[in-house]
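Working notes, beginning with the structure itself.
The values are calculated or read from the model by the stated rules, or taken from the named source; none is laboratory data. These numbers come from a predicted model, not from an experiment. In this analysis, Cβ positions are derived from the backbone assuming ideal geometry, glycine residues included, and neighbour counts consider all displayed protein chains. Only protein heavy atoms, including side chains, enter the accessible area calculation; ligands, DNA and RNA are left aside. Shrake-Rupley method; radii C 1.70, N 1.55, O 1.52, S 1.80 Å.
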Amino acid sequence: MPHILHVAGARPNFMKIAPIVDAFGRDPDFRQTLVHTGQHYDEAMSKVFFEELGIPRPDVDLGVGSGSHAVQTARVMIEFEKVVSETRPDLVLVVGDVNSTVACALVAAKLGIAVAHVEAGLRSFDWGMPEEINRVVTDRLSDLLFTTEESGNRNLAAEGVPADRVHFVGNVMIDTLLTHRDRALATGITQQLDVAPGTYGVVTMHRPSNVDREETLAPIVEALAEVARTRPVLFPIHPRTRSNLERFGLADALGGVRLLSPLGYLEFLGLVAQAGFVLTDSGGIQEETTVLGVPCLTARPNTERPVTVTHGTNRLIEPTRDGILEAVADLGQRAKGATRAPELWDGHAAERIVARVRTFFEARAGAPAGR
């Protein structure tokens with residue numbers, strides 16, 4: 001019976017790992033262990049997600065906490081190596097592009113354990129993004145590469161990854177969204193915040209390129225304050241962004257923007273699903289708004305998820321005062337809901353992953369997995 005060791009470490013991972021753990025849990029031919037690295041470690045950004053998404057309590061919690069990229073990656077590697085050496089899994093499955101992803105893939109590869117990467121092949125081609133480095137290194141180490149869109153297949157082929165390692169399975173983030181959308185709408189989050197559906201904007205902003213320097217953050221704040229004069233602007237604020245607003249003395253400049261504490265998955269999904277638009281620098285939100293049909297303005301020069309632009313409601317904009325204001329003003333020219341779901345974003349990606357993993361072990365053993 002193959003033993004699958006799943007890794008989750010940060011908030012974006014939780015929505016991806018939930019349907020995978022569920023799908024493997026329903027298959028009696030696999031045994032699984034869930035490791036939480038603790039890269040996101042506070043209640044609002046970790047525990048509540050496990051509870052809302054029905055993810056089992058982690059079998060192992062490494063509790064690595066925060067630190068620089070090098071420190072955090074090193075801590076995960078040191079602690080994860082102990083877990084792998086003790087449990088000897090047959091496959092380590094990692095998701096996304098955070099530090100925990102690349103750290104655990106590297107440990108597994110060095111110990112001769114097969115690696116599966118969910119969300120493989122995504123490329124922004126921007127080496128200034130730490131996530132891009134994590135993606136490329138993880139893909140190079142992986143035996144099974146599960147892609148979410150055709151661009152991922154093309155990128156991996158261009159990098160020389162053998163085609164028999166690459167499997168287009170769809171998007172597990174959308175599995176989670178479709179499973180929980182009705183529950184999210186039932187939270188009554190718009191009533192709690194006293195905003196009417198379709199009339200407000202939601203903002204998320206956390207990338208270092210946007211929030212770590214006063215000269216980049218100040219124009220974004222100025223634009224948000226101006227937008228908030230004409231419509232509600234709700235900003236569930238990342239701790240990193242809040243800290244920088246205070247450090248640069250920009251908090252008061254937000255004017256009528258409503259700062260919210262970080263929301264749980266269901267409340268946040270309910271808020272985004274009913275928004276007039278979303279302004280973000282997140283990758284996953286580009287995907288969610290594509291399926292929800294909500295206009296998405298991504299304040300970045302590039303995206304590793306081009307299908308959200310070609311098929312969805314996503315638009316790349318300059319993270320400047322004028323770039324944001326022009327994009328918001330142009331929203332009236334773009335019909336909400338003008339989107340078509342990308343191929344295989346149908347709620348069954350996790351099931352396809354389980355099927356491919358089964359085939360992988362059958363090929364290795366020369367007999368059906370678990371028999």
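For this structure, a couple of remarks:
- Search result, residues across the stretch 262-279 that are touching a strand residue (DSSP E or B) at 6+ places or on another chain (Cβ under 7 Å) and open to solvent by 40 Å² or more (accessible area, probe 1.4 Å): Pro262
- Cβ-Cβ distances below 9 Å connect the following pairs, each with a first residue in the stretch 91-102 that is within 19 Å of Gly67 (Cα to Cα), a second residue that is part of a loop (DSSP other than H, G, I, E, B) and among the acidic types (Asp, Glu), and a separation of six or more residues or different chains: Asp97/Glu304.
- Close pairs from the stretch 122-138: first in contact (Cβ under 8 Å) with a residue 40 or more places away in the chain, partner open to solvent by 10 Å² or more (accessible area, probe 1.4 Å) and among the aliphatic types (A, V, I, L, M), Cβ under 6 Å, at least 6 apart: Thr138/Val102
- Meets criteria (closer than 30 Å to Ser68 by Cα, open to solvent by 10 Å² or more (accessible area, probe 1.4 Å), of a type in the set (D, E, K, R) and modelled with pLDDT of 95 or more) for Arg240: no
- Of all residues in the stretch 280-294, those that are touching a Gly at 6+ places or on another chain (Cβ under 6 Å), buried (at least 21 other Cβ atoms within 10 Å of the Cβ) and within 23 Å of Leu193 (Cα to Cα) total 0.
- Selection of first residues in the stretch 53-68 that are closer than 12 Å to Ser100 by Cα and of second residues that are at pLDDT 90 or above and open to solvent by 70 Å² or more (accessible area, probe 1.4 Å), restricted to Cβ pairs under 8 Å at least 6 apart or on distinct chains, gives the following pairs, ordered by first then second residue: Leu62/Arg75; Val64/Arg75; Gly65/Arg75.
- Residues that are among the acidic types (Asp, Glu) and surrounded by 14 or more Cβ atoms within 10 Å (Cβ to Cβ) number at least 2 in the following helices (runs of 4 or more DSSP H) confined to the stretch 56-174: 69-87, 130-141.
- Enumeration of residues in the stretch 309-325 that are among the charged types (D, E, K, R) and either buried (at least 19 other Cβ atoms within 10 Å of the Cβ) or under 16 Å from Ser209 (Cα atoms) (or both): Glu318, Arg321
- Test for Arg358: is it within 30 Å of Pro89 (Cβ to Cβ), at pLDDT 95 or above and either assigned to a loop (DSSP other than H, G, I, E, B) or acidic (Asp, Glu) (or both): no
- Pairs, first at positive phi in the stretch 189-213, second open to solvent by 10 Å² or more (accessible area, probe 1.4 Å) and not in a helix (DSSP H, G or I), C-beta under 9 Å, six or more apart: Asp194/Pro232; Gly198/Gln274; Gly198/Gly276; Gly198/Lys336
- Val233, sole failed condition from (1) open to solvent by less than 30 Å² (accessible area, probe 1.4 Å); (2) out of contact with any Phe, Trp or Tyr (no Cβ under 9 Å at 6 or more places or on another chain): (2)
- Out of Arg88, Arg123, Arg57, sole residue that is among the charged types (D, E, K, R), at positive phi and out of contact with any Gly (no Cβ under 7 Å at 6 or more places or on another chain): Arg88
Results for (1) closer than 30 Å to Ala23 by Cα; (2) in contact with a helix residue (DSSP H, G or I) (Cβ under 9 Å, 6 or more places away or on another chain); (3) at pLDDT below 95, shown as yes or no for each residue.
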site: Met173; (1), (2), (3): yes, yes, no
site: Thr176; (1), (2), (3): yes, yes, no
site: Val195; (1), (2), (3): no, yes, no
site: Glu214; (1), (2), (3): no, yes, no
site: Ala218; (1), (2), (3): no, yes, no
site: Leu224; (1), (2), (3): no, yes, no
site: Arg229; (1), (2), (3): no, no, no
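- Selection from the stretch 71-119 of residues that are under 25 Å from Pro19 (Cα atoms) and of a type in the set (Lys, Arg): Arg88
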